[in-house]
Amino acid sequence: MTLQIKEIDLAVDDLTSEAWLEVHHAANRHVWGGAAERTSIAEIVDVAERRHEVRRSFVVTEEGADGPVAAAQTIRRTRDNVGTAGLWLSVHPDHQRRGIGSSLLVHCEQVLRDDGCDRIHEHSGAPVENGDAATGFAHVNGYRQTLLDLRQDLALPVDEAALTALDPRPDPAAYVIETSVDGLPEAWLEDRALLARRMSTDAPSGDIDLDEEDWDAERVRLLWNTPSPIWGIESVARHVPTGRLVAFTDIVVRPGQPDLAVQSDTLVLREHRGRALGLAVKIANLRALQRERPDVTTVRTWNADTNTHMVAINERMGFAVTGWTREWAKDL
């Protein structure tokens with residue numbers, strides 16, 4: 001086989017970019033079937049700057065093949081944990097098990113070395129607990145598993161009576177719950193930066209050491225309050241005696257899959273735990289999501305299997321396990 005690996009610049013409404021993305025989608029459908037996630041070039045291009053990342057995209061072509069046979073993207077962070085890179089690599093199902101993925105992986109690892117990275121930290125997922133072909137691929141190529149995450153889905157809508165029964169309704173003299181749609185109030189930004197810093201080290205990370213992320217109000221503003229094709233909603237808990245935000249949760253809806261909402265970060269500051277604030281903000285956010293986006297039919301979230309408290313909260317809300325994600329690391 002004659003393979004050519006070429007670096008491309010992703011652009012909206014570009015045929016080469018769309019062909020590159022279809023390789024990822026086809027590989028994802030091969031694993032997940034109708035439950036496969038979808039994305040779009042618009043959101044991929046959008047997230048790099050707001051997340052302080054440099055992304056390089058590669059396409060693999062083969063003489064005689066209809067379209068690309070593999071695709072990848074290296075993800076280099078520029079603000080914190082700069083030596084730890086991400087990697088998104090897919091081989092089209094029609095061309096798997098021919099060594100194409102290994103060749104592309106070697107190329108991408110060298111690109112990241114040349115770009116100054118010394119470690120890759122990524123993930124793969126499957127609807128079966130014991131892993132799939134990607135698990136074997138990672139092991140064969142020298143990656144070690146650092147964490148196992150549960151993928152949990154919640155079918156919408158959830159009846160309001162059920163939400164009311166679950167809502168812990170914190171003492172209003174101690175905590176109030178606030179919600180913001182598609183952007184955060186300026187008055188939140190300083191406290192949200194602190195919460196994001198805590199989130200970066202409080203979330204389970206397995207046996208990989210990551211530095212605390214450098215968050216300030218401007219970084220929060222860039223992520224949440226600049227124009228984006230990604231829609232978001234966030235709920236927070238405010239500690240009434242101090243006026244400070246002490247808990248948050250957020251959900252995003254991406255244009256590539258508008259019927260799916262992704263529940264991403266949830267955090268309660270350690271000194272305010274044990275008061276059901278995590279459940280309170282998640283219930284508030286879910287109520288607001290159903291009100292603002294009735295087109296969303298599923299909420300999806302991931303949590304480490306060791307994070308039994310958050311997994312239990314999700315189960316109380318009606319989430320069910322639909323897959324398992326393995327996090328991988330390799331020193332370059």
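So, of the residues in segment 99-128 that are over 18 Å from A329 (Cβ atoms) and in contact with a Gly (Cβ under 9 Å, 6 or more places away or on another chain), which turns out to be modelled with the lowest pLDDT? If we take residues in segment 99-128 being over 18 Å from A329 (Cβ atoms) and in contact with a Gly (Cβ under 9 Å, 6 or more places away or on another chain), then V128 is modelled with the lowest pLDDT. Filter segment 43-66 down to the residues that are open to solvent by less than 40 Å² (accessible area, probe 1.4 Å) and either touching a Pro at 6+ places or on another chain (Cβ under 9 Å) or part of a helix (DSSP H, G or I) (or both) and list them by number. If the condition is that a residue be open to solvent by less than 40 Å² (accessible area, probe 1.4 Å) and either touching a Pro at 6+ places or on another chain (Cβ under 9 Å) or part of a helix (DSSP H, G or I) (or both), then E43, I44, D46, V47, A48, R50, V59, V60, E62 are the ones that fit.
Does E212 qualify as being at pLDDT 95 or above and open to solvent by 30 Å² or more (accessible area, probe 1.4 Å)? I'd like the intermediate steps shown before the answer.
Numbers: at pLDDT 95 or above: no; open to solvent by 30 Å² or more (accessible area, probe 1.4 Å): yes.
In short, no.
So for segment 88-106 (the condition being open to solvent by 10 Å² or more (accessible area, probe 1.4 Å), in contact with a His (Cβ under 8 Å, 6 or more places away or on another chain) and in a helix (DSSP H, G or I)), does at least one residue qualify? Scanning segment 88-106, I find at least one residue that is open to solvent by 10 Å² or more (accessible area, probe 1.4 Å), in contact with a His (Cβ under 8 Å, 6 or more places away or on another chain) and in a helix (DSSP H, G or I), so the answer is yes. Out of everything in segment 127-158 that is of a type in the set (S, T, N, Q) and in a strand (DSSP E or B), what residue ends up being farthest from Q96 (Cα to Cα)? Of everything passing the filter in segment 127-158, Q152 is farthest from Q96 (Cα to Cα). Of all residues in segment 304-327, those satisfying the criterion of being modelled with pLDDT of 95 or more and within 15 Å of the chain's Cα centre (by Cα) are G323, W324, T325, R326, E327. The selection criterion, being modelled with pLDDT under 95, among the acidic types (D, E), in a helix (DSSP H, G or I) and surrounded by fewer than 17 Cβ atoms within 10 Å (Cβ to Cβ), does not hold for E18. Annotation: of all residues in segment 234-257 being among the charged types (D, E, K, R) and under 27 Å from A42 (Cα atoms), the one that is surrounded by the most Cβ atoms within 10 Å (Cβ to Cβ) is E234. Residue count for segment 67-79, restricted to those that are surrounded by 15 or more Cβ atoms within 10 Å (Cβ to Cβ) and within 21 Å of the chain's Cα centre (by Cα): 7. Figure legend. Inter-residue proximity from segment 47-58: first residues in contact (Cβ under 8 Å) with a residue 12 or more places away in the chain and farther than 17 Å from G256 by Cβ, second residues open to solvent by less than 40 Å² (accessible area, probe 1.4 Å) and not charged (D, E, K, R), beta-carbon distance below 6 Å, spacing 6+ or different chains. Indicated pairs: E53/I75; R56/T74; F58/A72. In the set (1) surrounded by 18 or more Cβ atoms within 10 Å (Cβ to Cβ); (2) under 19 Å from the mean Cα position of the chain (by Cα); (3) among the aliphatic types (A, V, I, L, M); (4) closer than 20 Å to P204 by Cβ, the condition left unmet by V220 is number (4). Candidates in segment 276-307 are the residues that are of a type in the set (V, I, T) and under 28 Å from A36 (Cβ atoms); of these, the one that is surrounded by the most Cβ atoms within 10 Å (Cβ to Cβ) is V299.
The values are calculated or read from the model by the stated rules, or taken from the named source; none is laboratory data. For clarity, every value in this text was computed on a predicted model and none was experimentally measured. Note that we place each Cβ from the backbone using ideal geometry, even for glycine, and neighbour counts take in every protein chain shown. With ligands, DNA and RNA removed, areas are computed over all heavy atoms of the protein, side chains included. Shrake-Rupley method; radii C 1.70, N 1.55, O 1.52, S 1.80 Å.
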